[in-house]
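Just below is one structure, and these are the notes that go with it.
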Amino acid sequence: MQDQILELFIYNNKLKFSEIERAIKSRSNKLAYHIKKLIDQGIIEKTNEHYQLTKTSENIIPYITKKQSILPVVLTAITKNNNIFLHKRKKRPFQDKLSLPGGRILVGETPKQATERILKEKFNIQCTFKKINSISIEQVKNKEKLIHSFLLIFCTATTKNNIQYFEPTKNKKNIISSDYNLIMSDLNKEIKIKKIITLS
């Protein structure tokens, strides 16, 4: 029910309790319980007779949806001669496969900031961002349906850390196929991403 309440604030700045109740068609005591939960979490607040999103929770508006969104991730290539740093994934999907180091790009981050943060946080590697190689959409399917969609921002960085490098062609069968394709086709490319700051 909390998701239903939040969905109303996509189209409304302020709502009275009676307006929320009418839209959701729920018993008032049950609705009051969930509204209190959202207030306790600091997501909504009450001003006079109206409820509204708190200033700190306005950033959740684009994420209030039942639809699954494509997940933007940064993948980073650190190379030495013809070899590249890879790690064995512990998580699904692609568990136990060799992978480029990567992770989600967070709200407010540039690819450079995400690359340097992810390498430090996940792998304890101090790196210097070099360039953005390419942007791709990866669709992961099983035999029956599409199960994941990722926006892959493929970047290059350098490091002075002592890390383990792999020769891609010799390890092809153990590397995630999309990562292998990026390594083989986009490693020498470079693109630019425009950063736009908009005032709401």
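Just so you know, all these numbers are worked out from the coordinates, no wet-lab data involved. Since the structure is predicted, the reported quantities are computational estimates derived from the model, not experimental observations. Heads up, the Cβs are rebuilt from the backbone with ideal geometry, glycines too, and the neighbour counts pull from every protein chain shown.
Where a ≥ b ≥ c are the square roots of the eigenvalues of the C-alpha gyration tensor, would you call the range 71-186 rounded, which needs a/c under 1.5, or, failing that, prolate if a/b is larger than b/c, or oblate? Because a/c hits 1.5 or more and a/b fails to exceed b/c, the range 71-186 counts as oblate. Taking packing as the residue-averaged number of other Cβ atoms within 10 angstrom, the listed peptides 41-51, 176-186 run from highest to lowest as 176-186, 41-51.
Here the residues Phe94, Phe154, Phe85, ranked from fewest to most Cβ neighbours within 10 Å of their Cβ, fall in the order Phe94, Phe85, Phe154. Seen against the Cα atoms of the chain and their longest principal axis, helix 111-123 is set at about 80 degrees.
Look at Lys194, Lys130, Lys80 and count the other Cβ atoms within 10 Å of each Cβ; fewest to most, that gives Lys194, Lys80, Lys130. Which percent of the Cα-Cα distances in the chain go past 20 Å? The share of Cα pairs beyond 20 Å in the chain comes to 65 percent.
Exposure proxy shown here: for Ile39, Ile196, Ile153, the number of other Cβ atoms within 10 Å sets the order, fewest to most, as Ile196, Ile39, Ile153.
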